[in-house]
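Okay, so here's the structure we're looking at.
The values are calculated or read from the model by the stated rules, or taken from the named source; none is laboratory data. Everything quoted here is computed from the prediction, not taken from an experiment. Every residue, glycine as well, gets a Cβ built from its backbone with ideal geometry; the counts of neighbours run over all protein chains shown. For the accessible areas, the whole protein counts, side chains as well, though only heavy atoms, and no ligand, DNA or RNA atoms are used. Shrake-Rupley method; radii C 1.70, N 1.55, O 1.52, S 1.80 Å.
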Amino acid sequence: NWAIASDNISPTANLEYKIVRSATSINNLTDANSATLVLAYTPNITTSNVTGLTPDTSYFFAVVVRDQAGNETLYNSSSVTTLFYR
């Protein structure tokens, strides 16, 4: 989950978010645009569930926000490691 973004072009309800995943860190928009798409651009959301992950594996996720003019920004990135159950 993430906080609602703000923009000087689009109302917050019109901003769109996409989620991407990578095996390596996502540090900029170029990294994000070459990562695996998890969720295509969707307006006005602040959360998404990801399924199908492998146990005991590190993943890097990023949220990219796009305004009505088509400007994209790397909004949020983080890493997680899934748990291993026996």
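Listed values, structure above:
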{"item": "3J(HN,Hα) from dihedral phi, region 18-26, Karplus parametrisation 6.51/-1.76/1.60, rounded to Hz, x for glycine, proline", "result": "10, 10, 10, 9, 8, 7, 10, 4, 10"}
{"item": "With every protein chain in place, the chain: carbon and sulfur % of accessible area (1.4 Å)", "result": "47"}
{"item": "T42 accessible area, 1.4 Å probe, all protein chains in place, Å² to nearest 10", "result": "40"}
{"item": "Label zone at A40, where the point sits 7 Å out along the Cα-to-Cβ direction: region 1-16 residues whose backbone N lies under 18 Å", "result": "15-16"}
{"item": "Segment Q68-D7, extension gain: residue separation times 0.36 nm, minus the distance between their alpha carbons", "result": "21.0 nm"}
{"item": "Interatomic Cα distance distribution for the chain, bins of 5 angstrom, percent", "result": "3, 15, 26, 22, 17, 9, 5, 3, 1, 0, 0"}
